[in-house]
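Here is the structure we will look at, set down as structure tokens.
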Amino acid sequence: MPTFGVPCPTAILTIGLLLTARGPASTWLIVAPALWGFVAGSAVLLFGVWSDYPLLAAAVLATADVISQVLRRSANKRSGRGTGDSHEPFTLNGLFSIATLNFALR
């Protein structure tokens, strides 16, 4: 049953907003929209629906961000430097979030 594109832009916007947030909660909250991005983004590969390409790209970026945050936190815990939850707006994560929000607002 088609939903006329409503979940896809909402998922892109949610991913973009959660990429700008930091902390353990944002890491695990982003899992649901990223999973939806892979499920709905499969239409790009299976059916050639190229308008869903930004959703698939946002899901890949969200997955990369979650993996990097988890690895950074585990490395910081092993070295005793804290949790590594500082928000740095001009990092690669910040650029990903700006690009994702740009797709969502179009």
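Consider Gly16 carefully, then state whether it is in contact (Cβ under 8 Å) with a residue 60 or more places away in the chain and surrounded by 17 or more Cβ atoms within 10 Å (Cβ to Cβ). Judged against the criteria, Gly16 is a match.
If the condition is being touching a residue at least 24 places away in the same chain (Cβ under 8 Å) and either more than 10 Å from the chain's Cα centre (by Cα) or closer than 14 Å to Pro9 by Cβ (or both), then the range 39-68 contributes Ala40, Ser51, Asp52, Pro54, Leu55, Ala57, Ala58, Ala59, Ser68. Screening the range 55-80 for residues that are more than 15 Å from Leu17 (Cα to Cα) and touching a helix residue (DSSP H, G or I) at 6+ places or on another chain (Cβ under 6 Å) and picking the one that is modelled with the lowest pLDDT gives Gln69.
Taken as a whole, the range 25-43 holds no residue that is surrounded by 13 or more Cβ atoms within 10 Å (Cβ to Cβ), at pLDDT below 85, touching a Gly at 6+ places or on another chain (Cβ under 7 Å) and assigned to a helix (DSSP H, G or I).
The values are calculated or read from the model by the stated rules, or taken from the named source; none is laboratory data. Note that the structure is a prediction, hence the values are computed from the model and not measured. Please note: Cβ atoms are built from the backbone with ideal geometry, for glycine as well, and neighbour counts cover all protein chains shown.
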